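The numbers here are math on the coordinates, done by the rules we state, and not lab data. These figures come from a predicted structure and were not determined experimentally. Note that each Cβ is placed from the backbone with ideal geometry, even for glycine, and that neighbours are counted across all protein chains shown.
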Amino acid sequence: MSKKSGISGNSLDSSVALDAASVPADRALREILDSSQHIIYRANFVSGGYDYVSTAATALLGVSLEELQQRGMEILRTRMPPEDWSRCVTHFEELARANPGKSTRTRIEYRLLLTDGGTAWFSDSAIADADAAGKLLAVHGIATDINEKKRAQAALEEKTRLLEDFFSQSIDGCFVLRFDQPMAASSIVARGGEAARFPRFPRFLSCIFCGSTKPLRNSSAAMRS
């Protein structure tokens with residue numbers, strides 16, 4: 001290499017060596033990302049495709065990586081319920097407008113329509129990139145399947161609703177009594193929603209209606225037994 005170029009042969013050789021070394025490193029990183037069960041991605045809102053998307057997306061959406069890279073936004077729009085798509089895009093665009101020239105972290109949940117005809121919930125931990133004018137450039141992050149969590153949550157809410165319906169419609173009075181720490185109570189709900197007041201509690205229990213209009217008198221010692 002001529003000295004006139006300003007670059008020595010040693011520095012050029014080192015640069016080539018670094019470029020060569022980065023190839024297996026990049027390949028190893030891609031293999032690690034592709035082995036994840038989560039969807040790792042960078043969606044380009046300018047080109048409409050994905051700059052990067054892990055292979056987990058191909059199995060869920062039933063399309064090739066090449067298709068996602070070329071027209072990922074178009075495909076994703078057809079694989080999301082319309083209300084979820086509109087909500088997500090609006091959310092990211094509003095973030096970009098509110099934070100021009102910045103990258104803003106956020107989290108959002110949405111549903112994806114799967115190839116088997118089912119629907120799965122995902123939680124997306126993402127970063128929205130905006131240009132100086134507040135235009136959305138890209139969104140990148142990790143989408144995690146939370147379908148089982150959503151099912152468990154829905155089941156718990158249904159059980160809670162049924163329990164509340166049972167107590168609201170029951171003709172019996174229901175109460176919780178603790179003997180470990182005596183406490184004053186101003187009222188307890190009796191049958192029909194009426195309140196029976198007690199001067200001391202739980203030493204004496206009076207007028208507790210349990211499916212009967214006849215008042216009951218019980219001492220705390222009797223209740224312990």
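In a shell of Cβ-Cβ distance under 9 Å around Tyr110, excluding Tyr110 itself, what net charge do Lys and Arg (+1) and Asp and Glu (-1) give? Please list the in-between numbers first.
Values: positive: Arg87, Arg111; negative: Asp84, Glu109, Asp124.
Here the charged neighbours net out to -1.
Could you put Ile75, Ile142 in order, starting from the residue whose Cβ has the fewest other Cβ atoms within 10 Å? Could the numbers behind the result be given before it?
On the way: Ile75 19, Ile142 16.
So the residues, fewest neighbours to most, are Ile142, Ile75.
Show me the ranking of peptides 115-121, 48-54, 105-111 by mean Cβ neighbours inside 10 Å, starting with the highest. It would help to have the intermediate numbers written out before the result.
Details: 115-121: 11.7, 48-54: 18.6, 105-111: 14.7.
The peptides rank, most packed first, as 48-54, 105-111, 115-121.
What residues have an amide H closer than 5 Å to that of Lys102, excluding those fewer than 5 places away on the same chain, when H is modeled at 1.01 Å from N in the peptide plane?
Result for Lys102 returns Ala130.
Sorted from fewest to most neighbouring beta carbons within 10 Å, what does the list Met73, Met80 look like? Numbers along the way, then the final one.
On the way: Met73 16, Met80 20.
Going from sparsest to densest Cβ surroundings: Met73, Met80.
Please compute the net charge surrounding Trp121, taking Lys and Arg as +1 and Asp and Glu as -1 over other residues with Cβ under 11 Å from its Cβ. Mind showing how you got there, number by number?
Values: positive: Arg111, Lys149, Lys150, Arg151; negative: Asp84, Glu109, Asp124, Asp145, Glu148.
Residues close to Trp121 contribute a combined charge of -1.
Once the cut-off is 23 Å, how many percent of the Cα-Cα pairs in region 54-169 end up in the long-distance tail? Please list the in-between numbers first.
Numbers: 2813 of 6670 pairs.
Considering region 54-169, 42 percent of its Cα-Cα pairs are separated by more than 23 Å.
Take each of the peptides 37-44, 59-66, average the number of other beta-carbon atoms within 10 Å over its residues, and list them starting from the highest.
Numbers: 37-44: 18.8, 59-66: 14.8.
Highest-to-lowest ranking by the protection proxy: 37-44, 59-66.
Which of Phe166, Phe45 has the fewest other C-beta atoms within 10 Å, and how do the rest follow up to the most?
Values: Phe166 10, Phe45 19.
Lowest count first: Phe166, Phe45.
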